[in-house]
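Reading through the structure tokens given below for one structure.
The values are calculated or read from the model by the stated rules, or taken from the named source; none is laboratory data. As the structure is a computational prediction, the values presented were derived from the model and not from experiment. In this analysis, Cβ positions are derived from the backbone assuming ideal geometry, glycine residues included, and neighbour counts consider all displayed protein chains. Just so you know, the surface numbers come from the protein's heavy atoms only, side chains and all, with ligands and any DNA or RNA stripped out. Shrake-Rupley method; radii C 1.70, N 1.55, O 1.52, S 1.80 Å.
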Amino acid sequence: MQLYDYFRSSAAFRVRIALHLKNLTFEQIPIHLLKEEGEQYQPDYLALNPQGFVPMLRDGEHVLTQSLSIIEYLDELYPNPPLLPQLLPARARVRTLSLLIACDIHPLNNLRVLKYLTGHLGHSEAEKNAWYYHWLHLGFKALEQLLVNSPDTGKCCHGDIPTIADVFLVPQYYNAKRFEFPLINFPTIEAIAKHCLSLPAFQHALPENQPNAEP
């Protein structure tokens, strides 16, 4: 099993967490998103993944893209420990929390969007950060309420065992800290993220703990 990733990619971070939670052995193939105008745009990589994104997972002859699809593939192929609850309403809740991050926060604040803001559109670093903070605040505000208002929230987003929701939350929380986003109004998010980051699978997946990590 080969994971094509970039150490600082949030989406790749998610897949690394899932792989470690499943105790799976995998080879990492670094795809540097900034070097040489982006190794993800090299013809060999685009031939496998026309979007030019990371992560990409090769499992034998199967080539998988999109972090949520990869994680659900791993969860179905290696069901223990499960990353989705058994009951349908609980599964739907976990997917809701995950998709709030994956669809409504992350795409607005990922690397290519931020580069477009400061590059093609000519915005300043301060304006870029204001953009980042705005969308993160809106997303975290809704997420905090969903977590606070549900009796299903425990040490993790759903109960006390990590699910896909936590796999998505922790990289977004990590990025918020990296951008010095104030988290004072999101105590539940912070408590869950800190709990997850105390677990070995999440620690092994941290960007700074990858073999291709840079300062």
For segment 189-204, Karplus couplings with θ = phi - 60° (6.51, -1.76, 1.60), whole Hz, Gly/Pro x: 4, 5, 5, 5, 4, 5, 4, 4, 5, 7, 8, x, 4, 6, 5, 4
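Within the chain, what's the longest stretch lacking GluC sites (Glu not before Pro) that sit in DSSP loops with no more than 10 other Cβ atoms inside 10 Å?
Numbers: sites that count: E61, E180.
The longest such stretch corresponds to 62-179.
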Built amide H within the under 5 Å cut-off of Q28, gap 5+: L3
Percent RCO, i.e. relative contact order, over the chain, from Cα pairs under 8 Å lying at least 6 residues apart: 25
Under Karplus coefficients 6.51, -1.76 and 1.60, residue-wise ³J(HN,Hα) of segment 35-43 in Hz, glycine/proline x: 6, 6, 6, x, 5, 5, 9, 5, x
Reach of K194 by Cα under 28 Å, taken over lysines that are not fewer than 8 positions away in the same chain: K22, K128, K141, K155, K177
At q = 0.13, 0.15, 0.21, 0.23 Å⁻¹, base-10 log of I(q)/I(0) for segment 102-211 (Debye sum, equal scatterers on each alpha carbon): -0.52, -0.68, -1.16, -1.30
q = 0.13, 0.16, 0.17 Å⁻¹: log10 I(q)/I(0) that the Debye formula gives for segment 1-123, counting C-alpha atoms only: -0.58, -0.84, -0.93
Solvent-accessible surface (1.4 angstrom probe) belonging to K177, in square angstrom, nearest 10: 110
Cα-projected label distance for N129 with Q145, points at 7 Å along beta-carbon direction, nm: 2.8
Interatomic Cα distance distribution for the chain, bins of 5 angstrom, percent: 1, 7, 15, 19, 20, 17, 12, 6, 2, 0
Computed over segment 1-46: relative contact order in percent, which uses C-alpha pairs under 8 Å that are six or more apart: 40
